[in-house]
Amino acid sequence: MGKFITEEGLKKIKDELENRKVTIRQSIANAIKEAKEQGDLSENAEYSEAKRQQAENEARIAELEFMLKESTVVKYDKTSGGVQMGSKVKVKFDGSEMEFQIVGSNEANPSEMKISNESPMGKAFMGHAKGDKVEVDTPVGKMKYEILDVK
């Protein structure tokens, strides 16, 4: 079973993959060519650095290609009032309001308020609708959230 991903997440992976295959590969190839022209490669820091960048770039390309192969794009169902992949969920917790987006695990980014459908909060919110009160098991105990809106 692969990972779930939103259409937005799929586009980001494809864009990064294209950039790495075309632009970054070419600039690294140019750096390697220039470094080779400088002569002795055994003490050539530019050559060593360019080869390191090349290996790193190729590893990331392989990782992105694997993600594409193993991911299942989940389309947002506008007819469902419940929380699902891609949903933006506005919640009230301890008197303050927050808005999260439910995304696939490889898209999760807490600083952007994007939480994984596999995280404790993501799992707890899935399927719930506006007005529901949801308890989330966290490392510090149960936390209660009220779902104010789902879009």
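Every number here is computed from the coordinates shown, using simple stated rules; none is lab data. Every value quoted in this text rests on a predicted model; they were computed, and no experiment measured them. We place every Cβ from the backbone using ideal geometry, glycine too, and count neighbours over all the protein chains shown.
What the table below lists for this structure:
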quantity: At R0 = 41 Å, FRET efficiency that the Cβ-Cβ distance of Lys51 and Lys3 yields, to 0.05; calculated: 0.85
quantity: Shape metrics for the stretch 3-73, restricted to C-alpha atoms - Rg then Dmax, Å; calculated: 15.7, 49
quantity: Calculated FRET efficiency for the pair Lys88/Asp137, C-beta based, R₀ 30 Å, to 0.05; calculated: 0.85
quantity: Relative contact order for the stretch 62-142, counting Cα pairs under 8 Å that sit 6 or more residues apart, in percent; calculated: 21
quantity: Neighbour-count ranking [beta-carbon atoms within 10 angstrom, fewest first] of Asp149, Asp40; calculated: Asp40, Asp149
quantity: Ellipticity estimate at 222 nm from DSSP helix runs (n ≥ 4, -39,500 (n - 2.57)) divided over the chain, nearest 500; calculated: -12500 deg cm²/dmol
quantity: Cross-link partners of Lys11 among lysines (Cα-Cα below 18 Å; sequence separation of 8 or more within a chain); calculated: Lys3, Lys21, Lys69, Lys75, Lys114
quantity: Cβ-derived FRET efficiency at R0 25 Å, Arg20 paired with Glu118, nearest 0.05; calculated: 0.45
quantity: Out-of-range pairs (alpha-carbon distance over 31 Å; input Lys14/Lys88; Lys12/Lys51; Lys12/Lys151; Lys51/Lys123; Lys51/Lys88; Lys14/Lys151); calculated: Lys51/Lys123; Lys51/Lys88
quantity: Alpha-carbon centroids, the stretch 88-151 and the stretch 30-64: separation in whole Å; calculated: 44
quantity: Most mobile of Ala55, Ala35, Ala45 in a GNM of the chain (Cα contacts under 10 Å); calculated: Ala45
quantity: Overall form of the chain per C-alpha gyration tensor (a/c, 1.5; a/b vs b/c); calculated: prolate
quantity: At most 13 other Cβ within 10 Å, DSSP loop - trypsin sites (Lys or Arg not before Pro), the stretch 1-94; calculated: Lys75, Lys78
